[in-house]
Amino acid sequence: MLPITEKFIRTNFMNASKKERTELSLPEHFDEVDWDSLDYFGWRDPRIARRAYAFVPIGGDEVRGILFQQQPPLSKPQLCGWCHDVRLPNDVVFSNAKRSGSSGRNGNTVAVYVCKNFECSFNVRNDPPSPYDGFDMDAARTSRIEGLRERAAKFAAEL
Ligand SMILES: [Zn+2]
């Protein structure tokens, strides 16, 4: 995805109050993020327990910010609703997002099981062992990347 700035982050949430936008902390090493390797940008707030954020490209140059409230990981591993990595390489947590606008202010939320530290972009690029000779690894990776982008964008668009 294209790089975003701290100013963009603090002003482009769909579902965060002014207080939440002001109190958020950027992740460590924000200035070293490798944007080219990301389909969306997500992180857990380093100071506020279970608070997490994701900035998701939804088409064109548009990027939307989502504030999440995460639940603790379950003992039973879940499939991430965005990257669908069947190897379950990391914790996946139930994450709630307030709907945007008046619907959210009235308490309506949308939820998704998503990788706890938003590892999705890494997961879809991490090729599994080839299932058979001649398997088209590049095509499979491209398809995983596209699937991730579509599912994350759909979530953001429906918020
Ligand atoms: Zn994921």
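Nothing in this text is a laboratory measurement; each read-out follows from the coordinates by a stated rule. Nothing here was measured: the structure is a model prediction, and the numbers come from that model. FYI the Cβ positions are ideal-geometry reconstructions off the backbone, even for glycines, and counts take in every protein chain you see.
Its residue count N fixes a reference of 2.2 N^0.38 Å for the stretch 1-92, and the Cα radius of gyration divided by that reference is 1.14. Legend: ranking of residues VAL56, VAL110 from fewest to most surrounding C-beta atoms inside 10 Å; resulting order VAL110, VAL56.
Pick from SER17, SER100, SER130: which is most flexible by mean-square fluctuation in a GNM of the chain where alpha carbon atoms under 10 Å apart are linked? Result: SER130 has the largest fluctuation of those listed.
When you work out D = kT/(6 pi eta Rh) for the chain at 37 °C and 0.692 mPa s, using the Kirkwood radius from C-alpha pairs as Rh and the Stokes-Einstein form, the result is 201 µm²/s. Measure up LYS19/LYS76; LYS19/LYS154; LYS18/LYS98 against 25 Å on the Cα-Cα distance and list the ones that go over. Flagged as over cut-off: LYS19/LYS76; LYS19/LYS154.
Only one residue of THR22, ASN108, ALA49 has its Cα farthest out toward the positive end of the dipole of the chain, where Lys and Arg carry +1 and Asp and Glu -1 on Cβ, and that residue is ASN108.
Label positions at HIS84 and ALA157, each projected 7 Å from the Cα along the C-beta direction, are separated by 1.6 nm.
Sorting THR109, THR142 from the fewest to the most surrounding beta carbons within 10 angstrom yields THR142, THR109. Please give the helix 137-158 orientation as an angle from the longest Cα principal axis of the chain, in degrees from 0 to 90, rounded to the nearest 10. Roughly 20 degrees, rounded to the nearest 10.
Dividing the summed helix terms, -39500 (n - 2.57) for each DSSP H run of n ≥ 4, by the number of residues in the chain produces a 222 nm estimate of -8000 deg cm²/dmol to the nearest 500. The modelled label-to-label distance for the pair ARG47/GLN71, using points 7 Å beyond Cα in the direction of Cβ, is 2.9 nm.
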